[in-house]
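One structure is given here, and the rest of the page talks about it.
The values are calculated or read from the model by the stated rules, or taken from the named source; none is laboratory data. This is a predicted model, so every value here is computed, not measured. Reconstructed Cβ throughout: ideal geometry from the backbone, glycine too, with neighbour counts over all protein chains shown. The accessibility values were calculated without ligands, DNA or RNA, using every heavy atom of the protein model including side chains. Shrake-Rupley method; radii C 1.70, N 1.55, O 1.52, S 1.80 Å.
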Amino acid sequence: MSRRLLAGATLLSSPLLASGALAVLNDDIPEHLISLKSLVSATPPSQTPAPHLVILGTGWGSMSLLSRLAVAPTSCRVTVISPRPHFFYTPLLAGTSTGTVRTASISEPIRRHLAPFLPPAQGQPRFVQANSTDVDFATQEVSAIGPDGTPIQVSYDHLVVAVGADVNTFNIPGIHEHAVFMKELEDGMKLQRKLHDQLEKASAMLAAGASKEEVAKLLHFVVVGGGPTGVELTAELGDFLRDDVEKAFPAVSGLSKVTLVEAGPKILATFDPHISEYAKGRLEAHGASVQTGTMVRRATESSLLVAKKGEPDASIDYGVLVWAGGVKARGFTEKMARKIGGVQTPANRPIRGLAVGPDFAVTGVSNVYAIGDCALAKGCSPTAQAAFQQGKWLGRALRDHGFSPAAAHKNGDPFVFANQGSLAYIGASEGVAELKNVLWDNHPEWGGGENGGGDAVVEGKGAFAIWRSLYFSKLLSGRNKWMVGMDWLNVWAGGGREVSTPYVLHAENGGNGKAEERAAEGGGGGGGVLMASAVGGVVGLAVGGVAATMKGTKR
């Protein structure tokens, strides 16, 4: 049994999505809107020294945990240790590589969110930029290496490990040496610079008389990995080539191509099968080549050796190779697991993370918790959505139960992961969305709840509007909202994306050119919260008055 509804403009102009749906999906709104500054003096300091909480990492889990602890900022002394002094909004990372959004727009300095908390000791910093290297569970001390190689020791009363995961290349030869990854902000900046360089080289080659075949190889952009990151990057590259490169580089625009390579039988494998097929069809309609069932064997500086079942190995020439093929446990996480031993080191299996209990306490040690991609939490996949919910629950449990999350679990407040669905951008202001019951619980007449159950599948312009609206509402600060909103508005209004990186090519040694970078990728500031009218405008632009088809399918 299935139901069809008019989505897109009709759905998004309804009072539900205008005021209700985002609130249902965005269950962090009430605490998220609390002014931290007003809370600093709201809780009187205790006469007993507050426990020292050390947090490793500045990702989704850490930030949601801190936001809950910030309701009572004097309840603990906080130290955050991470090589990354900022949080960044991962769902919009692909857009930084093409200039749809700027890196500064989706990043937030961690120190701004630590100001309300008590320092670990008088005159000691709340944040330390360093790579954690070891933990002594007996003395409760974290070892780390600072930016200049200086060894750092930080003691803790409670430790939260939220170091995330690392890129998994599956030991395929050549990937580390020749591919650009899509994991950190630096990756987006590196890819953007590489795209610009390839376009300039291609233009110069044409001027020098090179063949179109040679130039086409230089402008072949290959993305490996058919998950949401790979699909969205393919979509962003397609938009960039179609909307911006055509105007700025007309001589070479027709020679560019994007190919998405996926080892599995379909892209977006965790989505509804219909969504996977729809996304593949739309990416191809927008000009991309999608190759499923294609295994990567090795990479060289300019080619990718691939294999399909029942076919001989083939070579794909490329100008830029991007790897978005999966994640694995970080070396630090593996070291911790081996040190603890027991259940943490399963026989004949790789270590995928730290085994934790229902209260996220790491099995085998005391006063240590793990959340996010580095934790093997029952019923949770390694996603930002899961890490966010875990951090939110653990922060509340620590805050409200005397730093004893086990008490929260035993007293009727266990952690329950609520899968709110999945979203992906597929290019040309289109998207796909699979919403897990959050709308139908309140509107059973739409095909859910007691009248049938099932998830909502949204495709096309309506899904793109939901994608932008929901991700916009989840941005961490008013500053982020303002900057991202202006970035989107600039692209839509005709300002376009960046098509050059600010550096000068200096001639040296008789004309041997050397590129010298003159300026970094754009920052830009701006504070405040984007007004409701502007938000409505951005959403309206995304919808464009186009209806999409939405259906609820039984599971």
So what is the diffusion coefficient of the range 100-178 in µm² per second by Stokes-Einstein at 25 °C and 0.890 mPa s, using a Kirkwood Rh over Cα pairs?
153 µm²/s
Counting only residues 5 or more apart in sequence or on a different chain, those whose built amide H sits under 5 Å from that of Gly421 are Lys436
Once the principal axes of the Cα atoms of the range 167-290 are found, what is the range along each, listed largest first in whole angstroms?
47, 32, 25
Once you order the gyration tensor axes a ≥ b ≥ c over the Cα atoms, which shape class does the range 338-437 get: rounded for a/c under 1.5, otherwise prolate or oblate by comparing a/b with b/c?
oblate
Once phi is turned into θ = phi - 60°, what whole-Hz ³J(HN,Hα) does the Karplus curve with 6.51, -1.76 and 1.60 give for every residue of the range 413-420, x standing for Gly and Pro?
10, x, 6, 10, 6, 10, 5, 8
What is the range 33-192 by shape, rounded, prolate or oblate, if you read a ≥ b ≥ c off the alpha carbon gyration tensor as root eigenvalues and call it rounded for a/c under 1.5, prolate for a/b larger than b/c, and oblate otherwise?
oblate
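Per residue, how much accessible area does the range 289-440 have with a 1.4 Å probe, in Å²?
On the way: 6620 Å² over 152 residues.
That works out to 44 Å² per residue.
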For the peptides 146-152, 76-82, what is the packing order when you average, over each peptide's residues, the other Cβ atoms within 10 Å and list the highest mean first?
76-82, 146-152
Each residue of the range 201-210 in turn: what ³J(HN,Hα) in whole Hz from Karplus with 6.51, -1.76, 1.60 and θ = phi - 60°, glycine and Pro shown as x?
5, 4, 5, 5, 5, 4, 5, 8, x, 5
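Which value does Rg/Rh take for the range 72-126 over its C-alpha atoms, Rh per Kirkwood? Spell out each step's value before the answer.
Details: Rg = 14.7 Å, Rh = 13.0 Å.
Here the Rg-to-Rh quotient is 1.14.
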What accessible surface, in Å², does a 1.4 Å probe find on Lys266, ignoring ligands, DNA and RNA and rounding to the nearest 10?
60 Å²
Proximal lysines relative to Lys436, as straight alpha-carbon distance under 18 Å, when same-chain residues fewer than 8 apart are discounted
Lys474, Lys551, Lys554
Within the range 115-139, whose backbone N sits under 15 Å from a point 7 Å along Cα→Cβ of Lys339?
131-139
To the nearest 0.05, what FRET efficiency results for Thr270 and Glu177 with a Förster distance of 41 Å applied to their C-beta separation?
0.85
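So if R0 is 30 Å, what FRET efficiency would Ser315 and Phe170 give, r being the distance between their Cβ atoms, rounded to the nearest 0.05?
Working: r = 19 Å, r/R0 = 0.64.
In this case the efficiency is close to 0.95.
For the ranges 480-489, 414-423, 493-502, what's the packing order if you count other beta-carbon atoms within 10 Å of each residue, average per peptide, and put the highest first?
Numbers: 480-489: 21.6, 414-423: 16.7, 493-502: 14.1.
Averaged packing, sorted descending, gives the order 480-489, 414-423, 493-502.
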Calculate one ³J(HN,Hα) per residue across the range 486-498 by plugging θ = phi - 60° into the Karplus curve 6.51 cos²θ - 1.76 cosθ + 1.60, and present them in order as whole Hz with x for glycine and proline.
5, 4, 4, 5, 4, 5, 5, 6, x, x, x, 8, 5
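Would you mind getting the accessible area per residue of the range 129-234, heavy atoms of the protein chains only, 1.4 Å probe, in Å²? If you can, show how the numbers build up before the last one.
Working: 4620 Å² over 106 residues.
Result: 44 Å² per residue.
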Of all accessible heavy-atom area on the range 162-279, the percent that carbon and sulfur account for (1.4 Å):
55 percent
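Give me the number: length gained by fully extending Glu277 to Ala210, i.e. 0.36 nm times residue separation minus the C-alpha to C-alpha distance, one decimal in nm.
Working: separation 67, 0.36 × 67 = 24.12 nm, distance 3.85 nm.
That pair, Glu277 and Ala210, stretches by 20.3 nm at full extension.
With only alpha-carbon atoms in the gyration tensor, what are the semi-axes of the equivalent ellipsoid for the range 268-380, in Å, largest first?
On the way: eigenvalues 290, 75, 32 Å².
Equivalent-ellipsoid dimensions as semi-axes: 38, 19, 13 Å.
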What do you get for trypsin sites (Lys or Arg not before Pro) in the range 285-320 restricted to DSSP loop and a cutoff of at most 14 other Cβ within 10 Å of the site's Cβ?
Lys309
Length gained if Thr363 through Glu186 is fully extended, taking 0.36 nm per residue and subtracting the Cα-Cα distance, is 60.3 nm
Once both label points are put 7 Å beyond Cα along the C-beta direction, the Arg84-Thr300 separation in nm becomes 3.4 nm
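For a Förster distance of 30 Å, can you work out the FRET efficiency between the beta-carbons of Ser155 and Ala418, rounded to the nearest 0.05? Spell out each step's value before the answer.
On the way: r = 36 Å, r/R0 = 1.19.
Computed FRET efficiency for Ser155 and Ala418: 0.25.
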Compute the distance in nm between two label points, each set 7 Å from the Cα along the Cα-to-Cβ direction, one at Val504 and one at Gln122.
5.2 nm
